[in-house]
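> Handing you this structure, nothing more for now.
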Amino acid sequence: MKRTVIFSMLLCAFFMANAQEKQQITKTGWNFGGLPTITFDSDLGFQYGAMVNVYHYGDGSRFPKYNHSLYFEVSRFTKGSGINRFFYDSDKLIEGLQTSLDLSYLSDQAYDFFGFNGYDAVYQPDWIDQEASAYKTRMYYKYDRKLFRAKLDLQGKLAGNFRWTTGFNFQNFKVDEIDRDKFNKGKDENDKDYLKPIDGLYTIYKNLGIINTEEKDGGFVPTFKAGLVFDTRDNRPNPMKGVWTEAVIEVAPKILGAESYFTRATFIHRQYFTIVPKDLSLVYRLAYQTTLGGDVPFFYKSQVMTSFMTGALSEGLGGGKTVRGILRNRVIGDGFFYGNLEARWKFVHFQFIKNNFYLGLNGFMDFGRITKKVEIPSSIIAANPLLFKSDAEKFHTTYGAGLRIVMNENFVIAVDYGRAMDEQDGKSGMYIGLNYLF
């Protein structure tokens with residue numbers, strides 16, 4: 001998805017022009033960072049709105065660690081999609097517990113769907129290229145998705161640096177074919193952007209029975225999780241040293257109207273090394289997630305488990321939170337492995353409007369692959385060679401670079417650009433949002 005954020009680029013240039021090296025200011029009480037949301041997508045239109053992150057540092061004795069963090073975002077795309085989100089994080093709300101709460105309503109009129117099992121699902125770029133002779137529709141790999149989410153996570157201390165973690169995540173998905181009438185509004189049939197009544201991949205998967213009738217329209221998914229966390233990080237937003245490892249089991253029981261039962265497990269290891277004190281670090285993340293039992297609905301297979309969300313969504317593989325540079329949701333299956341290697345450099349520190357800032361650059365390499373495939377009958381694979389290949393899956397690899405604009409160590413504006421190393425994964429991706437990847 002191609003995006004530009006002119007405001008962030010101008011802000012970066014202004015900061016660099018006015019940078020002043022000074023001793024860090026210790027913040028106390030309430031502080032906030034806010035930005036207008038200004039992006040553009042050729043199918044979704046302009047995004048407009050605002051995001052605000054409010055921090056409470058108490059008497060400042062723990063700075064840059066905060067007592068409370070409250071994040072608000074309300075934004076809309078001119079063609080109807082939107083983000084409505086509240087996120088709260090604190091280790092002071094309940095003494096001795098880390099409490100995180102997320103309430104979100106997310107609508108996406110062009111949600112990416114490229115099939116299952118990575119390279120076993122053939123990507124045909126000419127089918128969505130309006131200049132190609134094989135063009136079908138630019139919405140071939142899209143469907144309409146609306147998601148309501150209520151998520152509560154708790155962590156408490158065990159021995160040493162070990163913590164227990166638990167929580168619940170109630171999500172309600174509504175899935176449908178794209179709204180052609182809405183995208184065609186104001187266009188006639190001779191307009192090159194006019195969407196003709198051609199089935200996309202989501203509809204084809206339904207017709208082939210790969211997506212069954214019970215889950216084709218979405219559904220309610222309640223999940224409960226429990227696990228262990230080992231954490232020695234020196235700073236949560238951007239650690240310079242330490243380890244952050246977690247092992248979690250997630251269970252989705254058939255309660256409250258849920259349509260299916262399943263159990264999944266994830267193991268994530270993150271490690272941080274200081275190369276130059278305070279300014280340069282080398283970090284990596286390795287993660288493995290798999291289905292242990294039951295049937296994960298097709299619309300939930302893209303959800304990536306994590307104990308702490310750094311953005312509105314945690315899904316992939318592919319996109320801004322997992323493997324940057326490949327198509328969003330390009331690598332979907334019942335089990336997968338992924339990793340990220342990243343060098344982070346804080347190249348200038350300064351003070352502005354009585355707050356601490358730094359600018360950072362990062363270079364990265366990301367990778368991932370399916371480890372447990374979604375079962376698709378061999379007869380369907382053989383009958384549809386333009387859609388499927390057998391045993392084609394291998395590692396998906398990308399590389400890229402990014403920019404960070406950071407206020408008071410915690411409010412992080414993030415811009416990443418990644419390039420895919422295989423044309424079956426697309427060409428590249430630009431991601432603009434908040435926070436370091438991990």
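The values are calculated or read from the model by the stated rules, or taken from the named source; none is laboratory data. Since the model is a prediction, treat every value here as computed from it, not as a measurement. Using ideal geometry, Cβ is built from the backbone for each residue, glycine included, and neighbour counts are taken over all protein chains shown. Remember, those area values only see protein heavy atoms, side chains included, never the ligands or the DNA or RNA. Shrake-Rupley method; radii C 1.70, N 1.55, O 1.52, S 1.80 Å.
> FRET efficiency for Thr274 and Phe32, Cβ-Cβ distance as r, R0 = 35 Å, nearest 0.05?
Working: r = 30 Å, r/R0 = 0.85.
So the FRET efficiency works out to roughly 0.70.
> Do any chymotrypsin sites (Phe, Trp or Tyr not before Pro) in the range 311-384 lie in a loop, going by DSSP, with at most 15 other beta-carbon atoms within 10 Å of their beta carbon, and if so which?
none
> A follow-up question, please. Once fully extended, how much extra length lies between Lys354 and Glu375, figured as 0.36 nm per residue of separation less the alpha-carbon to alpha-carbon distance? Can you show the working numbers first?
Numbers: separation 21, 0.36 × 21 = 7.56 nm, distance 5.72 nm.
The Lys354-Glu375 span can extend by a further 1.8 nm.
> May I pose another question? Run the reach check for Lys27 against lysines, Cα to Cα strictly under 24 Å, same-chain hits fewer than 8 apart removed. What comes back?
Counting by Cα, and skipping residues close in sequence, Lys27 has these lysines nearby: Lys65, Lys92, Lys241, Lys278, Lys346, Lys354.
> Also, quick follow-up: Using a simple charge model, +1 on the beta-carbon of Lys and Arg, -1 on the beta-carbon of Asp and Glu, nothing else, what dipole does the range 365-438 show about its Cα centre, in debye to the nearest 20? Could the numbers behind the result be given before it?
Numbers: 8 positive and 9 negative charges, 13 e Å.
Magnitude of the dipole: close to 60 debye.
> For Met51, Met430, give me the order by solvent-accessible area with a 1.4 Å probe, most accessible first, ignoring ligands, DNA and RNA.
Numbers: Met51 25, Met430 65 Å².
From most accessible down to least: Met430, Met51.
> Over the Cα atoms of the chain, what radius of gyration and what Dmax do you get, in Å?
Just the Cα atoms of the chain yield Rg and Dmax of 22.0, 68 Å.
> Set the Förster distance to 35 Å, then compute FRET efficiency between Leu93 and Thr203 from the Cβ-Cβ distance, nearest 0.05. Don't jump to the answer; show the numbers that get you there.
On the way: r = 46 Å, r/R0 = 1.30.
Between Leu93 and Thr203 the formula returns 0.15.
> If you keep only loop residues by DSSP, which GluC sites (Glu not before Pro) in the range 313-395 have at most 14 other Cβ atoms within 10 Å of their Cβ?
Details: sites: Glu315, Glu342, Glu375, Glu393; in loops: Glu375, Glu393.
When the GluC sites (Glu not before Pro) of the range 313-395 are filtered for loop state and at most 14 Cβ neighbours within 10 Å, Glu375 remain.
> Could you order Ser107, Ser378 so the one with the most accessible surface comes first? Probe is 1.4 Å. All intermediate terms of the calculation are to be shown ahead of the outcome.
On the way: Ser107 25, Ser378 95 Å².
Sorted by accessible area, descending: Ser378, Ser107.
> Relative to the Cα centre, what is the charge dipole magnitude of the range 276-385, using +1 at the beta carbon of each Lys and Arg, -1 at the beta carbon of each Asp and Glu, and rounding to the nearest 20 debye?
Values: 13 positive and 7 negative charges, 71 e Å.
Here the range 276-385 has a charge dipole of around 340 debye.
> As a test question: what accessible area, to the nearest 10 Å², does Thr37 have when a 1.4 Å probe is rolled over all protein chains in place?
10
> Something else about it: Can you find, among Thr28, Thr99, Tyr338, the residue sitting farthest towards the positive end of the charge dipole of the chain, where Lys and Arg contribute +1 and Asp and Glu -1 at Cβ?
Value computed over the given set: Thr28.
> If you take the alpha carbon radius of gyration of the range 51-198 and divide it by 2.2 N^0.38 Å, what ratio comes out, to two decimals? Write out the running numbers ahead of the final one.
Working: Rg = 22.2 Å, N = 148, 2.2 N^0.38 = 14.7 Å.
Dividing the Cα radius of gyration by 2.2 N^0.38 Å gives 1.51.
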